[in-house]
Each structure stands twice: as C-alpha cells, then as structure tokens.
Amino acid sequence: MSDNEATSGRRTATQELVRLSVNMNPETADALKELAASKHLSYTEAIRRAIAIAKYIDDEVKDGRKVQTVDEERKDIRELILI
C-alpha cells in the first residue's frame, strides 16, 4: 500500500503536507516495518500514529499524570517512566 493510497481518502482540500526524510538504525526500521505490516498501515501512517501516541504521553506526563499498563486481572501494574 502506498502512502497516497493510505491517506488519500482522508485528506482535505486545505490540508497541507510536509515531506520529511528521516534516518534510523536497522532495528528501528525493522520495528516500523513490523508494526506497519501487522496493522496494515503505510509507513507514513504508522509514524503518524506513533508520534500522536508519543505526544499524548508527553502531554499527560507534563500535566502530572502517570502512564500505566495493567493486566486483565489488575494484578500486574506497570508504570511507564520517560527520561
């Protein structure tokens, strides 16, 4: 799936795109490819979503909140700590 196929249906007439080039190590590139494939996303959409999640977490932490994961039985609670 090309980036245009993945986003063309959601783009509005007033939305402007910015083309960026990024460099990443092979491990990060492999993680991106794996994530995109598992969710049937273009690389662009996978990166957009990752940035949205990173911003959400950053905003929550800035507001003094904790970000945690909890298992189904609510026995194992893990806190995400960002440096």
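The values are calculated or read from the model by the stated rules, or taken from the named source; none is laboratory data. Not measured: the values here are computed from a predicted model. Backbone-built Cβ (ideal geometry, glycine too); neighbour counts: all protein chains shown. Just the protein is used for accessible areas: all its heavy atoms, side chains included, with ligands, DNA and RNA removed. Shrake-Rupley method; radii C 1.70, N 1.55, O 1.52, S 1.80 Å.
General remarks:
- Annotation for region 10-83: GluC sites (Glu not before Pro) lying in DSSP loop with at most 10 further Cβ atoms inside 10 Å of their Cβ are E16, E72, E73.
- Solvent-accessible area of Y43, all protein chains in place: 120 Å² (probe radius 1.4 Å, heavy atoms, ligands and nucleic acids excluded).
- For V67, the residues 5 or more places off, or on other chains, whose built amide H falls under 5 Å of its own are L80.
- Partners for K55 among lysines (Cα-Cα distance below 22 Å; same-chain residues under 8 apart left out): K33, K39, K66
- Each residue, I81 and Y56, gets one label point 7 Å from its Cα in the Cβ direction; the gap between the two is 2.4 nm.
- Taking trypsin sites (Lys or Arg not before Pro) across region 39-83, the ones in a DSSP loop with at most 13 further Cβ atoms lying within 10 angstrom of their Cβ are R65, K66, R74, K75.
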